[in-house]
Amino acid sequence: MKILGTLQLRVMGVLWDFPGAPFNVNNMHEKLNEDEILPKLAQTTVGTVMTSLNKIGFTRHLIIPGDRAFYHKADISREDYLNNLLRHALQDVCGGYSGLFDASVELTRKEHTHD
């Protein structure tokens, strides 16, 4: 799995925070630039990032009838991304042994589904 860069994570963060709301470039640009601490982004930059996320399989396009814009939704959950990121980090550090991590993730999922 690809490790996302800073701008890609900012876009995915919005998609993960609003899972039921598809975003086009215009409304993603507006949402990202609401943050008063982080640097403002150009609309073309946001569009490029959203296109790259689609090409690598992190988002999917949605077509809304009557609208000419491409809308994007996350195609991978935040949890799955973080689990894969941690698994790869453990494999790098532990020489490929991530069996304990996989078992721990599975137990955690079972605990959360039975509550």
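Please treat every number below as a calculation from the coordinates, not as lab data. Note that the structure is a prediction, hence the values are computed from the model and not measured. With ideal geometry, Cβ positions are generated from the backbone for all residues, glycine too; neighbour counts draw on all protein chains shown.
Things worth noting here:
- Multiplying the residue separation of Glu30 and Asp75 by 0.36 nm and removing their Cα-Cα distance gives an extension gain of 14.1 nm.
- For segment 6-74, the spherically averaged projection of the C-alpha convex hull amounts to 4.4 nm².
- Placed amide H near Tyr71: partners under 5 Å, 5+ positions off or other chain: Leu62, Ile64
- Estimated inter-spin distance, His61 and Asp92, nm [label 7 Å along Cα→Cβ]: 3.3 nm
- Candidate lysines - alpha carbon under 26 Å from Lys2, same-chain residues fewer than 8 apart omitted: Lys31, Lys40, Lys55, Lys73
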